Amino acid sequence: MKQAILKLDGLTCPSCMQKIEHAVAGVAGVQDVKVLFNAAKMKAHFDAEQTDADHLANVIQGLGYTVESVNVKD
Amino acid sequence: MSINRPITKLNIWYSQNSGKTSAALAGLIVLSLLLQLARLGSTGVAIMTFAGLLGTFPIALRAWSALRMKTISIELLVTIACIGALAIGEPEEAAIVTFLFLFGNVLEARTLAKTRSAVKGLTDMAPQQADVVQADGSTWPTDIDDIDAGDRVLVRPGGQIPVDGRVVAGTGSAIEAMITGEATPVEKGVGDIVYAGAALDSGALTIETSAAGDDSTFGQIVELVENAQDAQAPVAQFIDRFAAYYTPAVLVIALVVGLVSRNVELAITMLVLGCPGALVIGAPVANVAGIGRAASRGVLFKGGKTVAALAGVDTVMLDKTGTLTTGHMTVNVVRAFGGDADMALAKLAAIEADSSHPLAHAIVAESKHRGLTLAQAPEMATIKGRGLVSADGRILAGNVALLQEHSVAVPGRVQAAIDAAQHDGNSVVLYAQAGVVQLLVAVGDQLRPDVAAGLTTLKNRGVKRIVMLTGDNRSAAEQMAAGLPIDEVRAELLPQDKLRIVQAARQHGRRIAFVGDGINDAPALATADVGIGMGGGTAVALDTADVVLVKPDFATLAIALQLAKGTTGVTTQNIVIAVGTVVLLLLGLLVGIVHMGSGMFVHEASILVVIANALRLLHK
């Protein structure tokens with residue numbers, strides 16, 4: 001399991017958070033997604049064989065949010 | 001994903017250009033109204049319809065992307081309302097509602113950023129880079145995320161210490177206010193521990209990294225605060241769950257109203273009026289501002305639940321050593337019996353200099369403080385539980401028992417001085433030479449500064465009872481409590497006794513905050529309604545306490561309580577404002593004075609009011 005930490009552009013509505021959590025949780029191989037609304041960060045553990053952090057970043061951008069940086073930790 | 005690419009790009013474009021979009025809408029609305037005034041009505045209406053479509057489009061995009069995630073969002077309510085308004089030939093309503101909604105979003109984003117500013121100030125201080133020492137001795141600037149434990153980094157004067165670690169070369173003075181709350185510079189030399197986020201005031205240090213980035217103490221503090229801001233108080237969690245049903249419910253109610261009354265205008269107005277805008281933002285925004293402000297004043301809350309719990313506390317229980325007191329032994333009394341006190345202290349300090357006993361440290365520190373030059377010390381032997389004795393038995397340094405065992409008489413006035421010092425909570429060291437007591441040194445822990453003022457503030461802010469819990473003997477404990485606003489002293493306790501006392505008080509319905517140093521009273525900290533750690537930002541305190549006082553003093557404790565009450569107060573006010581707004585709008589709708597545009601205006605205004613209300617916390 002790796003952890004992806006994505007820094008997002010400021011989130012304005014709490015429903016943004018639900019959207020992102022739903023969407024990322026729906027990606028195969030992703031476990032425990034957490035969106036920090038105020039810090040504008042998304043943290044998720046994922047199985048590196050099924051997906052990668054860049055794909056998660058694409059999913060979030062697909063919802064209309066800007067991803068400022070992508071960080072992966074083992 | 002490829003099908004969604006254009007929608008994605010548009011969504012991003014709109015979120016980055018929401019200011020321009022709402023400005024364009026405002027321009028079109030004004031132009032249309034002018035044209036209608038100039039009796040060019042049909043052109044005006046056409047422009048207004050265009051404006052309505054232009055405004056609805058980005059909102060509909062967001063509503064759609066939320067709907068795909070099975071979330072019924074506020075945007076969906078607004079979209080349906082605006083499409084309805086356009087369909088029934090009310091383009092001004094659609095244009096004005098979308099303008100207010102988009103412009104409101106811009107203002108919200110700006111003001112929300114302010115509520116987060118306190119924590120942003122904190123994260124901006126996080127080190128980004130460090131100069132890593134290479135094999136050839138040169139340094140190479142390296143991103144903080146790429147630094148591993150064991151790497152050596154160089155910090156130059158005026159620089160920021162980028163990692164947690166141990167000094168392996170150099171000396172300097174560091175300001176560690178962010179981590180320990182200590183504002184005055186601390187001297188650092190080889191072997192000393194340093195923390196990321198501290199500033200190097202002078203000197204240069206080479207540091208062997210133990211933790212960097214998110215793993216450093218500073219990184220953990222930032223993470224704790226970031227998580228805390230999202231960890232909502234129970235009332236906010238309730239509202240979150242409520243809103244998840246409320247928004248679809250508004251949709252259903254509007255549909256029913258529309259079908260029953262056959263009045264589309266009424267139904268779409270209800271959609272706009274029912275938007276839960278201020279309701280969903282009111283409580284969280286108070287949490288963000290309150291917890292952020294607390295962090296910038298040296299109080300780390302673990303979450304909204306903790307804030308609410310601290311605000312409701314009626315009893316504060318305190319540990320003594322390390323909490324009420326600094327936990328550092330210092331010399332409180334030096335008394336000579338015949339002869340010069342400083343000369344005798346210099347002799348005593350000389351023989352204590354090699355000892356690792358806390359009392360010895362205090363005595364040596366006192367001699368340094370007095371600028372005494374230490375004489376050559378004779379060889380001393382340690383007698384456990386007694387003190388030190390020279391090989392010939394002529395020089396003794398220790399307690400009364402040591403003196404008595406070596407047949408040194410303890411005269412009445414010496415005994416009186418010993419009793420007085422012990423009564424004040426001190427430990428006593430006696431120095432005897434050639435069978436005569438020459439010096440008494442009383443060593444004790446010191447009360448933290450401003451304990452009395454801090455505790456008095458707690459009382460003024462609604463704490464009914466303050467109880468001291470200590471393992472020390474009763475007379476010393478009572479002596480220390482005298483003159484402080486402490487209602488009860490429980491002395492001679494074991495750690496499990498403290499736990500039992502906290503449990504018993506909770507069973508009697510008291511809401512307890514336990515204040516401790518987080519090291520030996522972890523069970524009591526965990527059992528209390530709120531555990532407050534006074535150990536500074538150490539890993540232990542961060543783990544066991546609900547609230548951590550970075551600056552371990554009682555003024556900070558008073559600030560914590562004040563901010564907890566302030567935050568809880570703002571949360572309640574915001575909920576009243578939000579619910580009140582919806583109720584008033586619906587009443588206004590019933591009597592026919594509220595329309596779609598004015599309803600949206602009031603909504604957006606109420607959102608800004610709750611944010612502004614929360615911003616007040618940043619000045620507390």
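The values are calculated or read from the model by the stated rules, or taken from the named source; none is laboratory data. What you see is a predicted model, and the numbers here were worked out from it, not measured in a lab. With ideal geometry, Cβ positions are generated from the backbone for all residues, glycine too; neighbour counts draw on all protein chains shown.
Among B:96, B:80, B:72, which is the only one that is crowded, with 24+ Cβ neighbours inside 10 Å and either under 45 Å from the mean Cα position of the chain (by Cα) or at the interface with chain A (Cβ under 10 Å from one of its Cβ atoms) (or both)?
It is B:96.
Here is a list: B:370, B:386. Which entry is under 15 Å from residue B:332 (Cβ atoms) and either charged (D, E, K, R) or more than 50 Å from the chain's Cα centre (by Cα) (or both)?
B:370
For the condition farther than 26 Å from residue B:607 by Cα, touching a Pro at 6+ places or on another chain (Cβ under 6 Å) and crowded, with 19+ Cβ neighbours inside 10 Å, what is the one hit in B:174, B:126, B:130?
B:130
Can you tell me which residue is nearest to residue B:317 (Cα to Cα) among those in the range B:503-512 that are among the hydrophobic types (A, V, I, L, M, F, W, C) and part of a helix (DSSP H, G or I)?
Among those that are among the hydrophobic types (A, V, I, L, M, F, W, C) and part of a helix (DSSP H, G or I), it is B:505.
Restricting attention to the range A:14-29, which residues are touching a Ser or Thr at 6+ places or on another chain (Cβ under 8 Å), at pLDDT below 85 and either more than 8 Å from chain B (Cβ to nearest Cβ) or surrounded by 20 or more Cβ atoms within 10 Å (Cβ to Cβ) (or both)?
Hits for the range A:14-29 are A:15, A:19.
Taking into account only those residues within the range B:295-318 that are farther than 19 Å from residue B:123 by Cβ and in a helix (DSSP H, G or I), which is nearest to the other protein chains (Cβ to nearest Cβ)?
B:304
For the structure I just gave you, tell me whether residue B:549 is closer than 30 Å to residue B:215 by Cα, crowded, with 19+ Cβ neighbours inside 10 Å and hydrophobic (A, V, I, L, M, F, W, C).
Spelling it out, residue B:549 is indeed closer than 30 Å to residue B:215 by Cα, crowded, with 19+ Cβ neighbours inside 10 Å and hydrophobic (A, V, I, L, M, F, W, C).
Taking residue B:321, is it under 14 Å from residue B:548 (Cα atoms) and either at pLDDT below 90 or assigned to a helix (DSSP H, G or I) (or both)?
Working: under 14 Å from residue B:548 (Cα atoms): no; either at pLDDT below 90 or assigned to a helix (DSSP H, G or I) (or both): yes.
Considered against the rule, which asks whether it is under 14 Å from residue B:548 (Cα atoms) and either at pLDDT below 90 or assigned to a helix (DSSP H, G or I) (or both), residue B:321 comes out as no.
For the range A:56-74, how many residues are crowded, with 17+ Cβ neighbours inside 10 Å and at the interface with another protein chain (Cβ under 9 Å from one of its Cβ atoms)? Let's see the steps before the verdict.
Restricting attention to the range A:56-74, the residues satisfying the condition of being crowded, with 17+ Cβ neighbours inside 10 Å are A:56-57, A:59-65, A:67.
When the remaining residues are screened for being at the interface with another protein chain (Cβ under 9 Å from one of its Cβ atoms), the result is A:59, A:61-65.
Total satisfying the criteria: 6.
Name the residue that is farthest from residue B:228 (Cα to Cα), counting only residues in the range A:35-54 that are within 11 Å of chain B (Cβ to nearest Cβ) and out of contact with any Pro (no Cβ under 7 Å at 6 or more places or on another chain). Walk me through it before giving the result.
Of the residues in the range A:35-54, the ones within 11 Å of chain B (Cβ to nearest Cβ) are A:35-41, A:43.
Those left that are additionally out of contact with any Pro (no Cβ under 7 Å at 6 or more places or on another chain): A:35-36, A:38-41, A:43.
Working: A:35: 13, A:36: 10, A:38: 10, A:39: 10, A:40: 13, A:41: 13, A:43: 15 Å.
Checking each candidate, the answer is A:43.
Among the candidates B:116, B:110, single out the residue that is within 13 Å of chain A (Cβ to nearest Cβ), basic (Lys, Arg) and surrounded by 20 or more Cβ atoms within 10 Å (Cβ to Cβ).
Exactly one of B:116, B:110 is within 13 Å of chain A (Cβ to nearest Cβ), basic (Lys, Arg) and surrounded by 20 or more Cβ atoms within 10 Å (Cβ to Cβ), namely B:116.
Yes or no, residue by residue, for (1) closer than 24 Å to residue B:413 by Cβ; (2) part of a loop (DSSP other than H, G, I, E, B); (3) free of Cβ contacts under 8 Å to residues at least 24 places away in the same chain:
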site: B:329; (1), (2), (3): no, no, no
site: B:332; (1), (2), (3): yes, no, no
site: B:338; (1), (2), (3): yes, yes, no
site: B:348; (1), (2), (3): yes, no, no
site: B:355; (1), (2), (3): no, yes, no
site: B:363; (1), (2), (3): yes, no, no
site: B:366; (1), (2), (3): yes, no, no
site: B:376; (1), (2), (3): no, yes, no
site: B:381; (1), (2), (3): no, no, yes
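Testing residue B:292 on (1) part of a helix (DSSP H, G or I); (2) more than 14 Å from residue B:233 (Cβ to Cβ); (3) over 11 Å from the mean Cα position of the chain (by Cα), one condition comes back false. Which one is that?
(3) is the only condition that residue B:292 fails.
From the residues in the range B:309-353 that are over 41 Å from the mean Cα position of the chain (by Cα) and charged (D, E, K, R), which one is surrounded by the fewest Cβ atoms within 10 Å (Cβ to Cβ)?
Result: B:340.
Among the residues in the range B:213-220, are any touching a Phe, Trp or Tyr at 6+ places or on another chain (Cβ under 8 Å), in contact (Cβ under 8 Å) with a residue 12 or more places away in the chain and closer than 22 Å to residue B:290 by Cβ?
The answer is yes; a qualifying residue exists.
Which fully enclosed helices (runs of 4 or more DSSP H) of the range B:412-502 have 3 or more residues being modelled with pLDDT under 85 and under 30 Å from residue B:551 (Cβ atoms)?
Counting at least 3 such residues, we get B:474-481.
Just the residues that are among the acidic types (Asp, Glu) and either closer than 18 Å to residue B:349 by Cβ or surrounded by 10 or more Cβ atoms within 10 Å (Cβ to Cβ) (or both), please, taken from the range B:372-392.
Residue satisfying the conditions is B:379 alone.
Within the range B:255-268, is there a residue that is of a type in the set (Gly, Ala, Ser) and under 30 Å from residue B:619 (Cα atoms)? It would help to see each step written out before you state the result.
Kept after step one, since they are of a type in the set (Gly, Ala, Ser), are these residues of the range B:255-268: B:258, B:261, B:267.
Pick out the ones that are also under 30 Å from residue B:619 (Cα atoms) and you get none.
Looking through the range B:255-268, none of the residues is of a type in the set (Gly, Ala, Ser) and under 30 Å from residue B:619 (Cα atoms).
Is it fair to say residue B:136 is within 14 Å of another protein chain (Cβ to nearest Cβ), surrounded by fewer than 16 Cβ atoms within 10 Å (Cβ to Cβ) and acidic (Asp, Glu)? Full working, then the answer.
Values: within 14 Å of another protein chain (Cβ to nearest Cβ): no; surrounded by fewer than 16 Cβ atoms within 10 Å (Cβ to Cβ): yes; acidic (Asp, Glu): yes.
So residue B:136 fails the test.
Please give the number of the condition residue A:32 fails out of (1) of a type outside the set (A, V, I, L, M, F, W, C); (2) closer than 26 Å to residue B:72 by Cβ; (3) surrounded by fewer than 18 Cβ atoms within 10 Å (Cβ to Cβ); (4) within 9 Å of chain B (Cβ to nearest Cβ).
(4)
If I ask for residues that are under 30 Å from residue B:77 (Cα atoms), among the β-branched types (Val, Ile, Thr) and within 11 Å of chain A (Cβ to nearest Cβ), which ones from the range B:214-250 would you list?
B:239, B:247
Kindly indicate the residue of the range B:354-370 that is buried (at least 17 other Cβ atoms within 10 Å of the Cβ) and closer than 16 Å to residue B:383 by Cα and also modelled with the highest pLDDT among those meeting that condition.
My answer is B:360.
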